[in-house]
Every structure is written in structure tokens, then in C-alpha cells.
1. Tell me the strands (runs of 3 or more DSSP E) entirely within the range 373-419 that contain at least 2 residues that are surrounded by 14 or more Cβ atoms within 10 Å (Cβ to Cβ) and charged (D, E, K, R).
2. Just name the residue that is nearest to residue 163 (Cα to Cα) out of those in the range 238-259 that are among the polar types (S, T, N, Q) and within 20 Å of the chain's Cα centre (by Cα).
3. What are the pairs, 6+ residues apart or on separate chains, where a residue within the range 451-473 that is without any contact (Cβ under 8 Å) to a residue 60 or more places away in the chain has its Cβ under 9 Å from a residue that is part of a helix (DSSP H, G or I) and not aromatic (Phe, Trp, Tyr)?
4. Just checking, which of 344, 361, 356 is out of contact with any Pro (no Cβ under 6 Å at 6 or more places or on another chain) and without any contact (Cβ under 8 Å) to a residue 40 or more places away in the chain?
5. Are any of the residues in the range 242-261 open to solvent by 20 Å² or more (accessible area, probe 1.4 Å) and either closer than 21 Å to residue 336 by Cα or of a type in the set (Lys, Arg) (or both)?
6. Going through the range 270-304 one residue at a time, which ones are open to solvent by 40 Å² or more (accessible area, probe 1.4 Å) and either hydrophobic (A, V, I, L, M, F, W, C) or in contact with a helix residue (DSSP H, G or I) (Cβ under 8 Å, 6 or more places away or on another chain) (or both)?
7. Considering only the range 421-463, how many residues are within 13 Å of residue 400 (Cα to Cα) and part of a loop (DSSP other than H, G, I, E, B)?
8. Would you confirm, using the coordinates I've provided, whether residue 132 is within 19 Å of residue 194 (Cα to Cα) and open to solvent by 10 Å² or more (accessible area, probe 1.4 Å)?
Amino acid sequence: MIAGSAAATVTGVSAGTAHAAAPASPGVTYTNTIAEQRADPHIFRHTDGFYYFTATVPAYDRIVLRRATTIQGLTSAAETTIWTRPATGTMGGYIWAPEIHFIDGKWYLYFAAGDANNVWHIRPYVLECADANPITGTWTVKGRIALPLDTFSLDATTFAVNGTRYLAWAQNDPAVGPGTNIYLARMSSPWAITGTPVMISRPTAAWETAGGETVNEGPAVLQRNGKVFLTFSASATDANYCLGLLTASASADLLSASSWAKSTGPVFASFAATSQYGPGHNQFTVSEDGTSDLLVYHDRSYKDISGSPLNDPNRRTRVQKIYWKADGTPDFGIPVADGLTPIRLSSYNFPDRFIRHWDYRAKIEANVAPLADSQFRVVTGLTGTGTVSLESANFPGYFLRHKNYEVWVEKNDGTGQFASDASFTAQAGLADSAGVSYEAYNLPGRYIRHYNYLLYVQAPSTATDRGDATFYTQ
């Protein structure tokens, strides 16, 4: 039997008596897809207790809105058309990428529209609603957002930093080159900018120009840890579509291009193992308990598209949790498989260490990279109801299982032995009922625990053992 523990001194607590506080951002799970055939999604959590959801519809002819008290509830929530494009004239063409915001006591919808006689004459527009419920309320057209350059422009979003409101959007400047760049300007009202816009990102790298398109579009802003993070979508809207990241200090001059640092590659991209392709045009929201930041985005479940991606209706809305690195920057991981989203499991005795796989051996480690090595889907046990199995996020079909009392991540071979070895009974944490402990289905009394940072199944006999066998979901 394995005795002892690798527990080291945790702040203010001696080895063996370490007590990790329950995580500030406990695990949350959702079941994807949230909405089929809904691209460019935007989910806004309001103070009235509702999540409001809008997105591009395949017909590109209207703006729809639904709401629910939970994100999952948006899937079945009734959808209302709150605005339909006119039959002629301005805004009578393609209707793209609506976003709903609540500013100074009123609702605003930002969207891009083409003209009836030129669907590609895409420009940004704003709708306003002064009623409490934007679904049943009256929407009026505030008009086009006037930009100094009258060219193809879309994907307007708004955010405030230190009391100053900004508009970010994508636009073509023929003097710069083909495609679209990301621009930023201050706002004088929810429907107007002031001053001179600044270009903060231009697609120049191979990952921004794949598929024959030169694209930076779909800006979205997340603020945390004294920084402003602006994601954007890049490349063609097929499987090449991906997310890049711009980062600036919240105290910097955001209207200076030099304040923004661009990621050296995509931060979120297609992942064949989970059958997710072309993830992009994201926005951000928060979990129901307010503790988890969530990535809202669209993608497709297949790689090959017949004809123009614009004519393929099957981009769908998805959500998954964002994690934060020790340096305060976001880690988006991979677009996870359809179905239940995964969680991470941190050690009770080592709050910064998570269960992960490394060369298929299960261990606990801090600063896990890639993130998905430490993400697992908690699914119905392979032996059936009453047990759970933990499936690897980036190796679907691979599960935590024990063999020779060691814990590995291995592919399900379909045998009864594997099913038994990969099934566990989830119980309240042995060291803290707010955590979870996993008892081996076919070795009663033995639990997943770490020793010298590696995972085993063992019968815990001391307080340290019980701590080593307790994990928190994150």
C-alpha cells in the first residue's frame, strides 16, 4: 500500500494539514449546442435576471431575440423577431451580427446591414428600445453609425473602460489593402463616435489570411486583472476561421495602436478530435452564479463545405468556460466536443494543481498546457447509472481508468474490464464535503488520490490521504 503524501507547505498550513479554500470559480457545465443555425451569437446577462440572446439567422433578413433565466434555457426559449429589414432602400440587404447592450437605462442593438439594391453595401446601424423588456418593447431605428471612411464596415461592439465608452468594429480601408481591419474610437452617444478612429489590428500573419481571405473582424472585449482583452476573428469563414487576441493595459491609451499587443497565433481554432471547425465570431458572458467567464461563439461540426461558407446555414451557437492563467491572461483551450462541457479538478492539498494526463499517465500539475489536458467530461459511468466516468476533453473516447492501482488515460476498448476500471462513484469530498472524491467501482474503499503528484487508487487512512483524495471542480 502507498503511504504518505507529497503534500508540501501551503500558505500558513503545515504539510498534511493543508486545507484548500473552495475555488472562487467552481465548475459549471452546459450542453452544446445552445442554438442550431445561429451564427455570430451574443448573450447578454442583464440585472433583471435574464440572459438575452441574439444572433445572425441564415436568411440574413431579420433580428431575433430570446431570453431565459439560464443559459441552457435559451435553447428552448421562444424566439421573437423584433425587427425585419425593409423591402427597399437602406438596410434592405444582408442583416448580420446583431448585438444587444444596455446603456444608460435603454437597450441598444448593433448590427450590420446591406442595401436592398446592393447587399454588400454593409454598414453598421443601431436600434434603440426604452422599454424594460426588449422582447415586447418598441424598437426604433437610431440610424447608421457615421464613420469617417465610407467603406465596407461591420461587427460593431461597444464597451467602457474607466468611464470612457468605446466602439470597436471591422472595416476595409482600400488605402491599407484588401480585407478588414479592427478599428477603435470613443463614443459620444450609444449611436455615434467622436474623434479619429485608430486601426489597432491588421491581418498580416498566415493564420489571419488563410483560405484566401484577409480578415480581422468580430471584435469582443473581456476585462479582468487590470487588462483589456479584445478577441477578433480571422481568416475565411470556413474551417480556417479562428480567434486571435489583442491585449492592452486598462490604464493605457487604448486609442494608441502601440498599447495593443497581438497574439502570435490563434488562441482558439478548429480541433478535429472534437469535430469542431471554424470557431469564431465570439462574445462573452458570465455563468449563472457570476463566478465563471464564458466564451460564446459559433462553429460547425464538419470541415468540408459545399460552395460559399456564407451559404452554409449550419453555424451554431455554443458556450464553454474560460480559464485564467497564473499571469492573468485568458486560456480558451479548445472548442470542446458536442454535449456536456468539461470541468477541471484541482487538488484539495495543492490548490494550484489540476488533474491532467501526460503521456497518458494521470497526475496533478500547475500551469497546465495545453489546458485541455486537464479538462474532463463527467459522464454517466461506463458501467451504468450510479457511477461516473471521466472522459478526456481533447481525446474523446479516452477515460481515466486504473490498472495496477495506477490511474491512466486510455481509450475505451469496449471490454467489461475497461468499463469497470473506468467507472467511479462520486462522493462528497473525504476532506471537504464541498469537494468531490471518486471511489473505484470495482475496488470499493479505494479512491483516486495523488502521491508524489501521480494518481493512484488507494484506501485512504489518514487526514493527509483523505486530502489527497479530495478535489474541487473548476
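The values are calculated or read from the model by the stated rules, or taken from the named source; none is laboratory data. This is a predicted model, so every value here is computed, not measured. Glycine gets a Cβ as well: all are built from the backbone with ideal geometry, and neighbour counts include every protein chain shown. With ligands, DNA and RNA removed, areas are computed over all heavy atoms of the protein, side chains included. Shrake-Rupley method; radii C 1.70, N 1.55, O 1.52, S 1.80 Å.
1. Working: elements: 376-380, 388-392, 398-403, 406-411.
In the range 373-419, 406-411 are the strands (runs of 3 or more DSSP E) which contain 2 or more residues that are surrounded by 14 or more Cβ atoms within 10 Å (Cβ to Cβ) and charged (D, E, K, R).
2. Applying the first criterion (among the polar types (S, T, N, Q)) to the range 238-259 yields 240, 247, 249, 251, 256, 258-259.
Right, trim to within 20 Å of the chain's Cα centre (by Cα) and you get 240, 247.
Values: 240: 37, 247: 19 Å.
The selected residue is 247.
3. Listed by first residue and then by second, the contacts come to 460/466; 460/467; 460/468.
4. On the way: 344 fails: without any contact (Cβ under 8 Å) to a residue 40 or more places away in the chain; 361 fails: without any contact (Cβ under 8 Å) to a residue 40 or more places away in the chain.
Criteria check complete, one pass: 356.
5. No; the residues of the range 242-261 include none that is open to solvent by 20 Å² or more (accessible area, probe 1.4 Å) and either closer than 21 Å to residue 336 by Cα or of a type in the set (Lys, Arg) (or both).
6. Scanning the range 270-304 gives 271, 272, 273, 286, 303.
7. Residues flagged as within 13 Å of residue 400 (Cα to Cα) and part of a loop (DSSP other than H, G, I, E, B) within the range 421-463 amount to 3.
8. Working: within 19 Å of residue 194 (Cα to Cα): no; open to solvent by 10 Å² or more (accessible area, probe 1.4 Å): yes.
In short, no.
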